[in-house]
Amino acid sequence: MTSALALSLLLAGPTPAKGIQWEKNFDKAMALAQKHDKPILVDFWANWCGWCHRLDRTTYVDPVVGAKADNFVSVKVNTEGNRREVEVVDTYQVHNLPTILFLTPRGRQVMRVNGFQGPGRFPHTMDKALEAARRVSAWEESLERDAHDPAALFALGEHLFDQECYDESYDLLSLAAAHDRHRPSHERRRTRMLLAILQHVQRQYAEAETIIKEALSIDPKAPDQPQLLFILGRTYVQWGRHAEGVQTMQVIVREHPQSPIAQKARETLFILVRKS
């Protein structure tokens with residue numbers, strides 16, 4: 001290095017840290033994500049959100065965060081912005097700020113971060129989101145090849161259940177249940193258990209009873225039998241069929257006394273007896 005070059009670098013000062021380079025248009029970000037096969041990082045913000053501005057001042061300008069952001073297409077969405085931005089807010093049910101979403105290039109939710117994360121923690125979140133995005137994208141690709149692939153339907157449906165994306169989870173798990181006759185029994189049972197939980201929440205008690213009984217008939221000696229029975233018993237209780245609820249809880253206590261679910265069944269029985 002010449003002395004003249006060294007002097008010019010010294011006078012120029014340190015190189016500014018590279019933070020996240022943001023897109024401002026969600027649809028453009030989606031198109032770029034699909035073109036480059038990258039997951040999407042979405043920052044939902046509003047002018048009044050102090051923690052959102054703190055993210056901008058700290059986390060998002062951190063050089064480690066900026067380097068990892070190269071693996072994503074990053075976009076900001078103003079929750080009080082134009083009509084399209086508000087549509088995106090509604091689509092992903094953003095109710096609190098700050099909220100950060102990681103999406104596949106097809107727009108499915110991979111991970112949701114509610115609240116502030118500093119530059120010490122956020123890089124680890126980004127790593128986890130990138131790994132999860134690869135898994136979810138692989139399931140999406142499997143379904144593009146075969147829309148009735150039961151393994152992909154189950155995996156994606158379970159993931160979306162865990163992400164609290166319940167409507168799409170229900171659709172995927174319902175399809176999985178219709179095409180999983182040759183899948184492992186534990187997967188078939190869990191598919192039906194998750195469906196029953198979703199039906200129970202929607203007060204579709206008859207449907208929940210049917211699907212739980214179907215699950216119970218698949219490998220009745222499986223270790224999750226008491227858990228399935230408990231869901232059935234709770235369904236009966238919420239349905240107003242208390243006698244059948246009591247009988248189901250009694251089966252758990254009698255036939256699975258060592259299961260952790262047995263204690264929950266005893267507590268439920270105690271409450272039901274007091275109400276009767």
Problem set entry | In segment 102-122, the residues that are part of a strand (DSSP E or B) and under 15 Å from Ile20 (Cα atoms) | Phe102
Problem set entry | Residue list for segment 73-101, restricted to those being more than 13 Å from Cys165 (Cβ to Cβ), outside any loop (DSSP other than H, G, I, E, B) and open to solvent by less than 70 Å² (accessible area, probe 1.4 Å) | Val73, Ser74, Val75, Lys76, Val77, Asn78, Glu85, Val86, Val88, Val89, Thr99, Ile100
For this session: Scan segment 16-61 residue by residue and report those that are closer than 23 Å to Val110 by Cα and charged (D, E, K, R).
Result: Glu23, Lys24, Asp27, Lys28, Lys35, Asp37, Lys38, Asp43, Asp56
Exercise. Which one is nearest to Gly66 (Cα to Cα), of the residues in segment 105-124 that are without any contact (Cβ under 8 Å) to a residue 24 or more places away in the chain and open to solvent by less than 70 Å² (accessible area, probe 1.4 Å)?
Worked result: Gly120
Exercise. Hey, among Ala133, Ala129, Ala138, which residue is modelled with pLDDT of 95 or more and within 26 Å of Arg192 (Cβ to Cβ)?
Worked result: Ala138
For this session: Filter segment 127-181 for residues that are of a type in the set (A, V, I, L, M), in a helix (DSSP H, G or I) and more than 15 Å from the chain's Cα centre (by Cα) and give the result.
Result: Ala138, Leu143, Ala151, Ala152, Leu175, Ala176, Ala177, Ala178
Exercise. Are any residues in segment 212-227 farther than 15 Å from Thr248 by Cβ and assigned to a helix (DSSP H, G or I), and if so, which ones?
Worked result: Glu214
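Any residue in segment 245-253 that is open to solvent by 50 Å² or more (accessible area, probe 1.4 Å) and closer than 26 Å to Gly157 by Cβ? Before you say what the answer is, go through the steps one by one.
The initial filter retains those residues of segment 245-253 that are open to solvent by 50 Å² or more (accessible area, probe 1.4 Å), namely 247, 250.
In the following step, the residues that additionally are closer than 26 Å to Gly157 by Cβ were identified as none.
The answer is no, given that none of the residues of segment 245-253 is open to solvent by 50 Å² or more (accessible area, probe 1.4 Å) and closer than 26 Å to Gly157 by Cβ.
Taking segment 259-276 only, how many residues are open to solvent by 100 Å² or more (accessible area, probe 1.4 Å) and under 32 Å from the mean Cα position of the chain (by Cα)?
Restricting attention to segment 259-276, the residues satisfying the condition of being open to solvent by 100 Å² or more (accessible area, probe 1.4 Å) are 260, 264, 270, 274-276.
When the remaining residues are screened for being under 32 Å from the mean Cα position of the chain (by Cα), the result is 260, 264.
Within segment 259-276, residues that are open to solvent by 100 Å² or more (accessible area, probe 1.4 Å) and under 32 Å from the mean Cα position of the chain (by Cα) number 2.
Under the condition of being among the acidic types (Asp, Glu) and surrounded by 14 or more Cβ atoms within 10 Å (Cβ to Cβ), which residue from segment 33-72 is nearest to Thr99 (Cα to Cα)?
First, the residues of segment 33-72 that are among the acidic types (Asp, Glu): 37, 43, 56, 62, 70.
Restricting the remaining residues to those that are surrounded by 14 or more Cβ atoms within 10 Å (Cβ to Cβ) gives 43, 56, 62.
Details: Asp43: 6, Asp56: 13, Asp62: 18 Å.
Filtering segment 33-72 for residues that are among the acidic types (Asp, Glu) and surrounded by 14 or more Cβ atoms within 10 Å (Cβ to Cβ), the one nearest to Thr99 (Cα to Cα) comes out as Asp43.
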For this session: Only residues that are on the phi > 0 side of the Ramachandran plot and either surrounded by 21 or more Cβ atoms within 10 Å (Cβ to Cβ) or in contact with a Gly (Cβ under 8 Å, 6 or more places away or on another chain) (or both): list them for segment 165-216, please.
Result: none
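The values are calculated or read from the model by the stated rules, or taken from the named source; none is laboratory data. Just so we're clear, the structure is a prediction, and the values are computed from it rather than from any experiment. In this analysis, Cβ positions are derived from the backbone assuming ideal geometry, glycine residues included, and neighbour counts consider all displayed protein chains. Just so you know, the surface numbers come from the protein's heavy atoms only, side chains and all, with ligands and any DNA or RNA stripped out. Shrake-Rupley method; radii C 1.70, N 1.55, O 1.52, S 1.80 Å.
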